[in-house]
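Comments concern the structure below.
The values are calculated or read from the model by the stated rules, or taken from the named source; none is laboratory data. All figures in this text were calculated on a predicted structure; none of them were measured in a lab. Ideal geometry is used to build each Cβ from the backbone, glycine not excepted, and the neighbour counts take in all protein chains shown. Accessible surface is based on the protein model in full, side chains and every heavy atom, while ligands, DNA and RNA are left aside. Shrake-Rupley method; radii C 1.70, N 1.55, O 1.52, S 1.80 Å.
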Amino acid sequence: QVQLVESGGGLVQAGGSLRLSCAASGRTFIRYAMGWFRQAPGKERDFVAAISWNGDRTYYTDSVKGRFTISRDNAKNTVYLQMNSLKPEDTAVYYCASNPNPYGLSAVGDFGSWGQGTQVTVSS
């Protein structure tokens, strides 16, 4: 199993950028697909983006396509979410999660081992 710790959140103005990081422990990290999710106040946790075990495939929810980029560095056991052109509606707690299926990008329900989350707040 993989343990995950997110970082990089903060307060940013609309149109700004942030890069989130998710550090993973465990030698099996390289075998997992990784994903980012977010939860706004009073709402359910939603899928944002996912990446395959070796980074050759990615998958995004429509609302972030062209603005967010997911990537990973298996040598550092870390997955990233570069967020550009941020909007107030991107405000949420962002979580990373793992999927033992290395290409299970759209199987949202198969993601688990959640981190503690990092807060992203976008002001208008």
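Brief remarks follow.
- Per the Kirkwood formula applied to alpha carbons, the chain shows a radius of gyration over Rh ratio, Rg over Rh, of 0.94.
- Cβ-placed point charges (K, R +1; D, E -1), dipole of the stretch 3-63 about Cα centre in debye, nearest 20: 180
- Counting only protein heavy atoms and a 1.4 Å probe, the chain has 50 square angstrom of accessible area per residue.
- Partners for Lys76 among lysines (Cα-Cα distance below 30 Å; same-chain residues under 8 apart left out): Lys65, Lys87
- Protein accessible area in the chain, 1.4 Å probe - carbon and sulfur %: 46
- Amide H contacts for Tyr59 (H built 1.01 Å from N in the peptide plane; partners 5 or more residues away or on another chain; cut-off under 5 Å): Ala50.
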